[in-house]
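Trainee: Take a look at the following structure, please.
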Amino acid sequence: MARRFSRSFTQQEPLSEAAIEAAVAVLRHGRLHRYNLTEGEAGEVALLEEAFAAFTGARFALAVASGGYALATALRALQVAPGEPVLTNAFTLAPVPGAIASLGARPVLAEVTPDLVIDLGHLEARIAGTGARVLLLSHMRGHICDMDRLMAICDGAGVAVIEDCAHTMGAAWNGVASGRHGAMACYSTQTYKHLNSGEGGLLISDDPELMARAILLSGSYMMYPRHRAAPGPEHFEGLLAELPNVSGRMDALRAAILRPQLTELPDRVARWAELYRALEAGLRGCPGIALIERPAAERFVGSSFQFRLPGWPPERIADFLGRTAARGVELKWFGAERPQGFTSRYVHWGYAASEPLPQTDRVLAGLIDLRLPLTFSPADCHEIAAIVVEEIVADRA
Ligand SMILES: *Cc1c(COP(=O)(O)O)cnc(C)c1O
C-alpha cells in the first residue's frame, strides 16, 4: 500500500497562552472598541500599532479590519481617482485587483516571470503605455523582485509604490524589511498569513500626510489624537472636511491576540525556513519539476511552497493532482480552468479585463502551490516531498 499523508494543510497552531490571556483580559473589561479607553489607557490597538511600527522600522502604523481594506485605504490615501489606471502584477490574489476595482479604478496587469515576480521590463512598458502613477506591488506567495531595480524604475517615472506584504511580513530584500521600499505597505493578519487574528490588516508609512489620510479614512472621527504611531494633529486639521469615513477599524480583541504573536514572529520565520528547506531538498533533482530558486538578496518567509511543471499538458497535471490528493497531499494549481478554493488567476477577474499575458499564461499553466502550516514538522515535509516525487515518477513510467 502506498503511504498516505494524514495531516491537515489548513490547521494552524493554537494561540499562545499569552495571547489567550490578553484576549480574556479584554473580554473581562468589555472595552472592545479601540477608542473606548479609560483615563491614561493607551488601548490594545494603539499599542499594537506602536509595536508594529517598531518591528518594521516605519514611522507610522495603522491597524484595520483586513488586508484588503488596508490596500484600498492606501489607494484612497494616494487619491486614486475613478477610471485611473493602477499597475499591479498579474500573479496575485483576487483582493489585490479587487481593491483597485473597489475605487472604480482600472487594474493594469504586468507579466510575471518564471521566478514568480513582476517582470520589470514589462512593468516599464506598462508605465510608458498607460501613464499610470501608482503601482500596487504584490509580493505574491512571498517572492520578492529586485526591489532596488523596481524602485529605480518607479522613482524615475514618478510612480508611487504601495507594497502588498500579505506574504512577506518578516521578510526582507538586501537587508531592508519588506514594506519599507514603497510609500505605503499593507499586511494581512487573516488566519492563513503570518499572524493570526481571524481577520485583520496593518498599514505602515513614513509619510505623515498619507498616514493622516489613512487614519481619517479608517473611521477615526475626532479621536485621532489617541493614536500613538501616528503623525501629529497638525497633519489632520486641513484634511478633516476632505476625507470620507470609510469605516474599517480594528478592535481591541484582535489587537490583544496579535501583540504577543508579533513577538513570536522571528521564531515562526525560522521554523518556516526549516520546513521550506526540507520540502525543497526532497523535491530537488526530481525530473519534470522546476523549483523556484530564491535570490541571495531575498530573506523570505517559507509559509508556502511553489514549483512548476513546465510544458505539462493540463490533463496530465490534473491526473497527477488527483493521485497526490488521493494520498493526502493537497496541492493547488493556478492553471485550472475554473477557480478553486482561494486560487484564481487573472483571466477569472472579469472586472479587471486585461489583454492576454502570454508569459503569465505559460507560467501559471504549470504552477503548483502548497501551504506549509507550522503544525507540520520537517519530517512531514520529507513525507510530502516523497509522495510528490513518487507520483511524478509513476506518471513517467
Ligand atoms: C490574503 C491576501 C490579501 C488580503 O488580505 P485579507 O486580510 O484576506 O483581506 C491581499 N493580498 C494577498 C497576496 C493575500 O494573500
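Trainee: Can we say A58 is of a type in the set (A, V, I, L, M) and out of contact with any Phe, Trp or Tyr (no Cβ under 9 Å at 6 or more places or on another chain)? Quick ask: steps written out before the conclusion?
Mentor: On the way: of a type in the set (A, V, I, L, M): yes; out of contact with any Phe, Trp or Tyr (no Cβ under 9 Å at 6 or more places or on another chain): no.
Criteria not met by A58.
Trainee: Something else: Looking at (1) surrounded by fewer than 19 Cβ atoms within 10 Å (Cβ to Cβ); (2) more than 23 Å from A171 (Cβ to Cβ); (3) not aliphatic (A, V, I, L, M), can you tell me which one R268 breaks?
Mentor: (2)
Trainee: A further question on this structure: Within the range 185-211, restricting attention to residues that are away from the ligand (no atom under 14 Å from the Cβ), in contact with a helix residue (DSSP H, G or I) (Cβ under 6 Å, 6 or more places away or on another chain) and of a type in the set (A, V, I, L, M), which residue is farthest from A63 (Cα to Cα)?
Mentor: Taking the candidates together, the pick is L210.
Trainee: Any residue that is outside any loop (DSSP other than H, G, I, E, B), in contact with a helix residue (DSSP H, G or I) (Cβ under 6 Å, 6 or more places away or on another chain) and among the basic types (K, R) - is there at least one of those in the range 216-227?
Mentor: The initial filter retains those residues of the range 216-227 that are outside any loop (DSSP other than H, G, I, E, B), namely 216-217, 224-226.
Still in the running and in contact with a helix residue (DSSP H, G or I) (Cβ under 6 Å, 6 or more places away or on another chain): 217, 224.
Next, from what is left, pick out any that are among the basic types (K, R): none.
Checking the range 216-227: not a single residue is outside any loop (DSSP other than H, G, I, E, B), in contact with a helix residue (DSSP H, G or I) (Cβ under 6 Å, 6 or more places away or on another chain) and among the basic types (K, R).
Trainee: Turning to a different aspect of this structure: For S354, indicate whether it is touching a strand residue (DSSP E or B) at 6+ places or on another chain (Cβ under 7 Å) and touching a residue at least 24 places away in the same chain (Cβ under 8 Å).
Mentor: Values: touching a strand residue (DSSP E or B) at 6+ places or on another chain (Cβ under 7 Å): yes; touching a residue at least 24 places away in the same chain (Cβ under 8 Å): yes.
Criteria met by S354.
Trainee: Going by the conditions given, is G104 in a loop (DSSP other than H, G, I, E, B), more than 10 Å from the ligand (Cβ to nearest atom) and under 22 Å from A214 (Cα atoms)?
Mentor: yes
Trainee: State whether the residues of the range 176-187 include one that is among the basic types (K, R), closer than 24 Å to D146 by Cα, under 14 Å from the mean Cα position of the chain (by Cα) and modelled with pLDDT of 95 or more. Please lay out each step first, then the result.
Mentor: Restricting attention to the range 176-187, the residues satisfying the condition of being among the basic types (K, R) are 180.
From what's left, closer than 24 Å to D146 by Cα: 180.
From the residues that got through so far, the ones that are under 14 Å from the mean Cα position of the chain (by Cα) too are none.
No: the range 176-187 contains no residue that is among the basic types (K, R), closer than 24 Å to D146 by Cα, under 14 Å from the mean Cα position of the chain (by Cα) and modelled with pLDDT of 95 or more.
Trainee: Taking the range 133-174 as the search range and keeping residues that are more than 15 Å from the ligand (Cβ to nearest atom) and either of a type in the set (S, T, Y) or touching a residue at least 60 places away in the same chain (Cβ under 8 Å) (or both), which one is surrounded by the fewest Cβ atoms within 10 Å (Cβ to Cβ)?
Mentor: Selected residue: N174.
Trainee: Among A336, A365, A297, which is hydrophobic (A, V, I, L, M, F, W, C) and surrounded by fewer than 16 Cβ atoms within 10 Å (Cβ to Cβ)? Before the answer, list the steps.
Mentor: Working: A336 fails: surrounded by fewer than 16 Cβ atoms within 10 Å (Cβ to Cβ); A365 fails: surrounded by fewer than 16 Cβ atoms within 10 Å (Cβ to Cβ).
Among A336, A365, A297, only A297 is hydrophobic (A, V, I, L, M, F, W, C) and surrounded by fewer than 16 Cβ atoms within 10 Å (Cβ to Cβ).
Trainee: Looking at the range 300-313, which of the residues that are surrounded by 16 or more Cβ atoms within 10 Å (Cβ to Cβ) and not polar (S, T, N, Q) is farthest from the chain's Cα centre (by Cα)?
Mentor: If we filter the range 300-313 for residues that are surrounded by 16 or more Cβ atoms within 10 Å (Cβ to Cβ), which is where we start, we get 300-309, 312.
Pick out the ones that are also not polar (S, T, N, Q) and you get 300-302, 305, 307-309, 312.
Numbers: F300: 12, V301: 11, G302: 13, F305: 14, F307: 19, R308: 21, L309: 24, W312: 28 Å.
Restricting to residues being surrounded by 16 or more Cβ atoms within 10 Å (Cβ to Cβ) and not polar (S, T, N, Q), the top hit is W312.
Trainee: What pairs come up if the first residue lies in the range 241-270 and is among the β-branched types (V, I, T), the second is part of a helix (DSSP H, G or I), and their beta carbons are under 6 Å apart, counting only those six or more places apart or on different chains?
Mentor: Hits for this filter: V246/L217; I257/A19; I257/A23.
Trainee: Additional query: Quick one: count up the residues across the range 208-230 that are surrounded by fewer than 20 Cβ atoms within 10 Å (Cβ to Cβ) and in contact (Cβ under 8 Å) with a residue 60 or more places away in the chain.
Mentor: Matching residues across the range 208-230 total 5.
Trainee: In the range 84-99, how many are outside any loop (DSSP other than H, G, I, E, B) and more than 12 Å from the ligand (Cβ to nearest atom)? Please lay out each step first, then the result.
Mentor: Taking the range 84-99 first, the residues outside any loop (DSSP other than H, G, I, E, B) are 85-89, 95-99.
Next, from what is left, pick out any that are more than 12 Å from the ligand (Cβ to nearest atom): 85-87.
Of the residues in that region, 3 qualify.
Trainee: Residues in the range 64-78: is at least one more than 10 Å from the ligand (Cβ to nearest atom), farther than 15 Å from E163 by Cβ, in contact (Cβ under 8 Å) with a residue 24 or more places away in the chain and hydrophobic (A, V, I, L, M, F, W, C)? Spell out the reasoning first.
Mentor: The first filter runs over the range 64-78 and keeps only residues more than 10 Å from the ligand (Cβ to nearest atom), leaving 73-78.
Next, only the ones that are farther than 15 Å from E163 by Cβ stay: 76.
Of the ones still in play, those that are also in contact (Cβ under 8 Å) with a residue 24 or more places away in the chain are 76.
Next cut, hydrophobic (A, V, I, L, M, F, W, C) only: none.
Scanning the range 64-78 turns up no residue that is more than 10 Å from the ligand (Cβ to nearest atom), farther than 15 Å from E163 by Cβ, in contact (Cβ under 8 Å) with a residue 24 or more places away in the chain and hydrophobic (A, V, I, L, M, F, W, C).
The values are calculated or read from the model by the stated rules, or taken from the named source; none is laboratory data. No experiment lies behind these values; they were computed from the predicted model shown. Backbone-built Cβ (ideal geometry, glycine too); neighbour counts: all protein chains shown.
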